[in-house]
Amino acid sequence: MRVARGWERGTILVYMASATENCLHLWGLRASAGSEYRCPACEERMDLEGVARWVREAERARDESYSLVEGDRFGDIVREELQREVYRRRRVMYDLQSVPRVATARPEMILVVYDARRASYECRIFYKEPRPAGVVEQLSVEAGWRTILDLRMDPDPVVRLTSEKVEEFHVLRRKFSEEGAPAPGRRVFYANEL
Ligand SMILES: [Zn+2]
């Protein structure tokens, strides 16, 4: 019987979030400048050692949960969820370790414009002249999490980078909307932000 499962998972995640940090980096981490990784949701940056520490925090929380009453149904659920969180964080870390950081044509500037009529983000990608051959110069991204996150898996690093910027802008626009303020319609990302 798992009636209250959704509620319990939420409660446990909130508990873990406040016990360890404010964000659980649920969207994973992205390669950022140098050897750093960045969380697209909270902007926290960390190196691989920091990611390993983050994994160990979850392992510690799980180990501590073994002091909860054995055989108690709620205790079992807590342990199960904490174990799941350990696996999730390990997966994030393994993913980072397995993706080679390739040097490639870096855009000079990315312009992201929200198209309200099509509910999409229209991206223009600019490069230093002479422009490298065969690069993506335009991208239209439907304004929904699924589409934005799918692009993260794109084999083209420029598409992945652009999707990160779309995601940043999407998060920003949502914050505005949540506060009842008109969201900005466009955003330019310059080389130092790419
Ligand atoms: Zn985060």
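Using a Förster distance of 25 angstrom, determine the FRET efficiency expected from the C-beta separation of Trp145 and Glu44, and round it to 0.05. Here the calculated transfer efficiency is 0.80. Spin-label point model (7 Å from Cα, Cβ direction): what's the Arg60 to Leu26 distance in nm? The modelled label-to-label distance comes out at 2.4 nm. For segment 113-194, the list of GluC sites (Glu not before Pro) that fall in a loop by DSSP and count at most 13 other C-beta atoms within 10 angstrom reads Glu137, Glu179. Summed over the residues of segment 45-194 and divided among them, the accessible surface reaches 60 Å² per residue at a probe radius of 1.4 Å.
Using a cut-off of 15 Å between beta-carbons, work out the net charge of the residues near Leu151 (Lys and Arg +1, Asp and Glu -1, Leu151 not included). That works out to -3. Using C-alpha pairs below 8 Å separated by at least 6 residues, the relative contact order for segment 133-194 is 21 percent. Of the trypsin sites (Lys or Arg not before Pro) found in segment 105-194, those in coil by DSSP whose Cβ has at most 10 other Cβ atoms within 10 Å are Arg117.
Anisotropy class assigned to segment 43-89 is prolate, per the alpha carbon gyration tensor with a/c at or over the 1.5 cut-off and a/b larger than b/c. Note on Arg124 and Tyr94: their simple-model spin labels are 4.4 nm apart, each label 7 Å out from Cα toward Cβ.
The values are calculated or read from the model by the stated rules, or taken from the named source; none is laboratory data. Predicted model only: the values in this text are computed from it and were never measured. Heads up, the Cβs are rebuilt from the backbone with ideal geometry, glycines too, and the neighbour counts pull from every protein chain shown. For the accessible areas, the whole protein counts, side chains as well, though only heavy atoms, and no ligand, DNA or RNA atoms are used. Shrake-Rupley method; radii C 1.70, N 1.55, O 1.52, S 1.80 Å.
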